[in-house]
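Reading through the structure tokens given below for one structure.
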Amino acid sequence: MSSTFSFQIYSSVTNIPSNWDSLATNNIFLSRDYLEILAISAPKNVQCHFIGMFLNEELVGIAVTQYINLSELHSFGERDHCLKTIVRDFVFKNFSSNVLVLGNNMLTGQNGWCFGSKLPASEGLALLKKATDELKKNFRTNGTKIHLTIFKDFAEERIPFFKIPEFKSFFQFTTQPNMIFNIRDSWSNFDDYIADLSKKYRDQYKRARKKAEGISKRKLSLEEITSYNSRIYALYMNVAKNAPFNTFYLSENHFKTLKTLLKDKFLFYGYFVGDELIGFNTLIKNGKDIDTYFLGYDEIYQREKMLYLNMLYDMIGFSINKEYSRIIFARTALEIKSSVGAQPVDMYGMMQHSNPFVNLFVSRTFSYFEPKMEWKERNPFK
């Protein structure tokens, strides 16, 4: 590698280069404002670092890493209580509890790094591998041994860039797909979308809307998010704890911090029955994409009112009316997202265990520990 390329690791957003955002223009999740949110209100068991990559003195690449301490989690998800889950939790806590992720474990998609035109992808990845090695050395100096190193969530066309010596001992894996909803050019409003649904899925839409009668929805301001803060967190935790596998829980002030720093780029919609907040969803404007963020709901209303499905329709309606190109629906609830028109896009990762012997078995044991989701892909359109 040319010695003119170098990297610098920052533990604070205040220290990152002043022109950082010039490389984050296409992705809000690498922007200074969003990284500031991570610094202020990252989950308790997550610690972030930021990497600048340079050609001589010029900033040509940026990246974010997260150290995740899984031993601090009281639960990886409470939905499944089978033996496999108990074994998995034991193994994670005892042999893989210290994880270093190149990327953002709170999001789905390639939100971990961005290389400028002067930094070839393979050279950039080799630099990032060096940076993770230095981070691991720093953690070890402070008494923390990193067990797993993961380069997270890149698209299939990026796989060839990892075919370099630095990643020879890494195991390539794929997990649940990212559900992406592409907005057709022929849709000028939400009614055009409904018109393109087949009868079965138009009926599903009508049934969901009928069930939702009596629910009012409104966009919440920073003041309202602040006043409903504890209720919002309870609704979020209600959903988060029922996920089959968790590596973090958001901090209680997370949504308030998002609204404070991202302002109108962060949208928070509350769903009410009377004055009672029964659910919410959040969206982040990211260029021509709308990224769905975290949500929460009261389980009773979710079942009675088909609340989650109604939220999906609302997100689609908003995105079409505002002329966005795509909705990034992320992972989880794959089948119901598929039923409204989202399509699965496989995401890949690279993983290495610090113990060379254990690393030999990572590929064989990964499928055992990764919760396998059986689901049927739907096509709701005519």
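The values are calculated or read from the model by the stated rules, or taken from the named source; none is laboratory data. Owing to the predicted nature of the structure, the values given are computational and were not obtained by experimental measurement. For neighbour counting, all protein chains shown are included, and Cβ atoms are generated from backbone atoms with ideal geometry for every residue, glycine included. The area values use the complete protein model at the heavy-atom level, side chains included, leaving out ligands, DNA and RNA. Shrake-Rupley method; radii C 1.70, N 1.55, O 1.52, S 1.80 Å.
Summary of computed values
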| read-out | value |
| --- | --- |
| Any hit, segment 202-216, residues being open to solvent by less than 30 Å² (accessible area, probe 1.4 Å), part of a helix (DSSP H, G or I) and under 20 Å from I40 (Cα atoms) | no |
| Qualifying positions in segment 217-229 - without any contact (Cβ under 8 Å) to a residue 40 or more places away in the chain and either outside any helix (DSSP H, G or I) or not assigned by the TED database to the domain that holds R303 (or both) | S221 |
| Filtered residues of segment 12-31 (kept if in a loop (DSSP other than H, G, I, E, B) and either outside the structural domain of A126 (by the TED database) or loosely packed, with under 13 Cβ neighbours inside 10 Å (or both)) | S12, S18, N19, T25, N26 |
| Flag for K265 being over 20 Å from the mean Cα position of the chain (by Cα), farther than 18 Å from P43 by Cβ and open to solvent by 20 Å² or more (accessible area, probe 1.4 Å) | no |
| Leading residue by the ranking (farthest from A240 (Cα to Cα)) among those in segment 32-54 that are free of Cβ contacts under 8 Å to residues at least 60 places away in the same chain and surrounded by fewer than 21 Cβ atoms within 10 Å (Cβ to Cβ) | F54 |
| Test: F255 is part of a strand (DSSP E or B) and not aliphatic (A, V, I, L, M) | no |
| Filter result (open to solvent by 40 Å² or more (accessible area, probe 1.4 Å) and in contact (Cβ under 8 Å) with a residue 12 or more places away in the chain) within segment 189-201 | N189, D192, D196, K200 |
| L283 being in contact with a Lys or Arg (Cβ under 8 Å, 6 or more places away or on another chain), without any contact (Cβ under 8 Å) to a residue 60 or more places away in the chain and of a type in the set (A, V, I, L, M, F, W, C) | no |
